[in-house]
1. Mind giving me the nanometre distance, one decimal, between the label points for Y431 and S70, set 7 Å out from Cα along Cα→Cβ?
2. What is the calculated FRET efficiency for H236 to R422, with r their C-beta to C-beta distance and R₀ = 41 Å, to the nearest 0.05?
3. DSSP loop trypsin sites (Lys or Arg not before Pro) in the stretch 147-212 with at most 16 other Cβ atoms within 10 Å of their Cβ, which ones?
4. What FRET efficiency comes out for the pair K364/L28, r = Cβ-Cβ distance, R0 = 35 Å, nearest 0.05?
5. Say each of Y291 and I327 gets a label point 7 Å from the Cα, pointing the same way as Cα to Cβ; how far apart are those two points in nm?
6. Let me spell out the model: positive unit charges on the Cβ of Lys and Arg, negative unit charges on the Cβ of Asp and Glu, origin at the Cα centre of the chain. What dipole size does that give, in debye rounded to 20?
7. Could you work out [θ]222 nm for the chain from helices alone, using -39500 (n - 2.57) per DSSP H run of at least four and dividing by all its residues? Round to the nearest 500 deg cm²/dmol.
8. At 1.4 Å probe size, with the rest of the protein present, what percent of the exposed accessible area of the chain is carbon and sulfur atoms?
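The values are calculated or read from the model by the stated rules, or taken from the named source; none is laboratory data. Values in this document were obtained by computation on a predicted structure and should not be read as measured data. With ideal geometry, Cβ positions are generated from the backbone for all residues, glycine too; neighbour counts draw on all protein chains shown. Surface accessibility is based on the protein's heavy atoms, side chains included, excluding ligands, DNA and RNA. Shrake-Rupley method; radii C 1.70, N 1.55, O 1.52, S 1.80 Å.
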Amino acid sequence: MNGTNLATLDLIIALCKRRGFVYQSADLYGGLNGLYDFGHLGVLMKNKIKDEWYRSLFSTGLDIVLFDGSILGPEIVWQASGHEQNFNDPMVDCMNCKRRYRADDPDVANGCPHCGSNKWTAVQQFNMMFQTNLGAAANSSATAYLRPETAQTIFSNFKNIMSSNRVKVPFGVAQIGKAFRNEITPKQFLFRVREFEQMELEWFCHKDESQLFFDFWCKARFDFYRSIGLTEKNVHLRPHSKDELAHYSSQCVDVEYQFPFGWKELEGIADRSNYDLVQHGLFSKKDLSVYDERTATSLVPHVIESSVGVGRLLLSILFDAYNQDTIEGDERTVLRLSPKVAPITAAILPLSKKLTEPAFKIFKDLVPQYGPHVEFDDTGSIGKRYRRYDEIGTPVCFTYDFDSQVDGCVTARNRDTLAQERVSIDFVNQYLQDVIK
Ligand code: ATP
């Protein structure tokens, strides 16, 4: 059995739709470009990714508190942060077919893929924030934006977070939530979309410790990707060159993943200096400095940020795990997912419908602990059921057969090695715990 990773974008998209991970949004009406809905398995997988992210942060033992900000923010927040002025992408229109592209899109250099023309308008700046109005008032005081990053909600509630949680610098605020960007050319499935979830950590520290913590988080974040099973050679850290940095940022490192379409950013780790808090202090006319006991001075903390998109990460995990191999002459598709991120951790399969009742009892005993991450399936041949669970990356299936009634055991089948072993029904949960470790 020689597994080969032959993943292409088309294969991943087809698998996601077929098995209910991800669908095009408003599919019934032809779909909406750059917007996707997550189905049952997609939601389960995203939940595991988020749990692992939280776990990785808290296992550092550092002071970290949680936050969940609103998606809509008043215009002044985005004026203070600089997004209203600067959150632009360069855009060109094809003079022939009028289609729009990001000016730095390789398709622009190569000629318009839609009509073949290579005549473009001059570059214009396009602001990527979605604007809306709050309430019925049609004046500029009601202007709001959908947040293009979650971070600003943390900065604009920084004082409340500090005082209510009794935390002291250095500490972190972690947030998972939706962000919206009106990308000019959404592409590559979940890689570049217009609505997505971000997992962001804002780490507040003394300026003198910002280098120390920047290095610490670069290592911690790299280790996180290893811990959830991404192949090490497919992940690297790429420091930004000076001309890539935002004007307020002293350094930035991208965690990049080797997608079939090249090395691309998975996560950004940035030293944001104290730019955001200083700006919000100026615009709100409030004092955002804190007293630092260790140095006995007042300071506006510096911020190290780690920011990764849940969907983009999910896509990289699928690419990494996708394999095709041959078992006894039959081709199978298998997702070699770490149990930490596999949407279904285990399935309970009675060999025959006649065995449904005792097998279902095993399943019912597991559900309180594993929730929707364990499944019961008594439909179709056992071979077909194994293929289904292989294709969605389920690490282990427990099969209840006619011997089970005699010896009180089930057969545990390993997704990757196909090894089968008898396990006492009383130890199924323990077996599963060992698989998850
Ligand atoms: P890119 O250069 O790919 O547009 P960026 O540098 O603008 O990304 P950041 O602002 O650093 O991205 O956002 C942090 C993370 O949020 C990214 O590393 C990515 O995982 C995710 N992300 C950003 N934009 C999108 C998007 N349009 N679709 C999906 N995920 C995104």
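1. 5.2 nm
2. That pair, H236 with R422, gives E of 0.45.
3. R166, K168
4. Once the sixth-power term is evaluated, E becomes 0.45.
5. Inter-label distance under the simple model: 6.6 nm.
6. Dipole of the chain, to the nearest 20 debye: 620 debye.
7. My calculation for the chain gives -9000 deg cm²/dmol from helical runs alone.
8. After summing per-atom areas, the C and S share lands at 51 percent.
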